[in-house]
Structures are given as C-alpha cells and as structure tokens.
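Here the structure comes first, spelled out in structure tokens, and everything after it is commentary.
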Amino acid sequence: MPTRADAFTPATPGIATALQFFTLLMKGDLDAFAQIWTEDAVQEHPFGFDGLTAALTGRDEVVADYRRMFANRSDMVFTIYDAHQTTDPDCVIIEARGVSRVNETGKIYDNRYVALFRLRDGRIALNRFYFNPLVTLDTFKGVLIGPGLSKQD
C-alpha cells in the first residue's frame, strides 16, 4: 500500500536521504532541498521528449529548475510504493507517485516515477528520474514546456 513520503519509514540512511527529495518538495522547502544535493549533482531524464532538458548538471541548475517548476504548483503529494536499498549503500531506487495542481491551467498532474539515486557523503550526486513523458506533456505543454521554457536561460 502506498504511503505518503513524509510518513514512510526509511530502512537505511540511503533511503532516508532519497526520501528527503520527495518530502522537501512536498513542503515546498527548496532551500533545504538545495542542501541534499552535491555541488556537482546531475539529474537525468531518460524518457524525455523534444523540449525537455535531458540532464540538469550541477546543484545550482537542478535547484533552479525545481524552483521554476514548483513556483506555481499546489497540493503536492508524493506517495511511495516501495524503496529499494541495493547492495551498494550509496544506490537507492524509489517507486513513487506525484500529484499536484498546476495553477496556471488548473490541471492536475498525476504521474508515476522510478528514481535511481546515487549518493555521495549522504547527499544526492545523481538522480536518474523515470516518468511517463506523455502525462508531463499533456499537463505542462504551453506552461512549462515549449520554446525556451524547459532549459535554463
């Protein structure tokens, strides 16, 4: 049964770090969110589409993109389906769902994720973020996706 990210009990320190990704976004605390990334962190989007940046490089770029994405979102809830600690203590996989309101359009964004986190010194060095790009396109086209909107200017 899925559990809200802020109520999920982590079994390992690595899972606890990965869960912070979701809980801090739910809280809208992007200053604390910035602190869970290494300076040279990368977020990859393997299932991208034309108009979506394939990878964000460096903590500043990653956090700036989240600030832009979450500037006008509300009712953000992440639920966790499962958390997998691999045999490598610095590699965690989280299965999750995210739901929020996109206030520019009134649409509800509802997507499923598989996120692979590679950690270094207790911080996120890599987030390989898998999601359904069709849901993202439908919800954000013309709002956050379009010419010049998906890349850092």
Residue satisfying condition, being under 20 Å from K141 (Cβ atoms), among the hydroxyl-bearing types (S, T, Y) and in contact (Cβ under 8 Å) with a residue 60 or more places away in the chain, within set T105, T79, T38, T53: T53
Residues being buried (at least 16 other Cβ atoms within 10 Å of the Cβ) and touching a residue at least 24 places away in the same chain (Cβ under 8 Å) - total across segment 108-122: 7
All positions within segment 87-100 that are loosely packed, with under 14 Cβ neighbours inside 10 Å and out of contact with any helix residue (DSSP H, G or I) (no Cβ under 7 Å at 6 or more places or on another chain): T87, D88, V99
Identity of the residue in segment 61-84, among the acidic types (D, E) and either more than 15 Å from L24 (Cβ to Cβ) or not in a helix (DSSP H, G or I) (or both), that ends up nearest to the chain's Cα centre (by Cα): E61
Residue tally, condition touching a Pro at 6+ places or on another chain (Cβ under 7 Å) and buried (at least 17 other Cβ atoms within 10 Å of the Cβ), over segment 61-82: 2
Matching entry among A64, A71, A125, A55 (being at pLDDT 95 or above and either more than 15 Å from L19 (Cβ to Cβ) or among the charged types (D, E, K, R) (or both)): A125
Among (1) within 18 Å of T136 (Cβ to Cβ); (2) not in a strand (DSSP E or B) - the single one S100 does not satisfy: (2)
Residue in segment 1-60 that is surrounded by the most Cβ atoms within 10 Å (Cβ to Cβ), counting only those that are touching a helix residue (DSSP H, G or I) at 6+ places or on another chain (Cβ under 7 Å), of a type in the set (A, V, I, L, M) and in a helix (DSSP H, G or I): A5
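The values are calculated or read from the model by the stated rules, or taken from the named source; none is laboratory data. Small disclaimer: the values here were computed from a predicted structure and weren't measured. For neighbour counting, all protein chains shown are included, and Cβ atoms are generated from backbone atoms with ideal geometry for every residue, glycine included.
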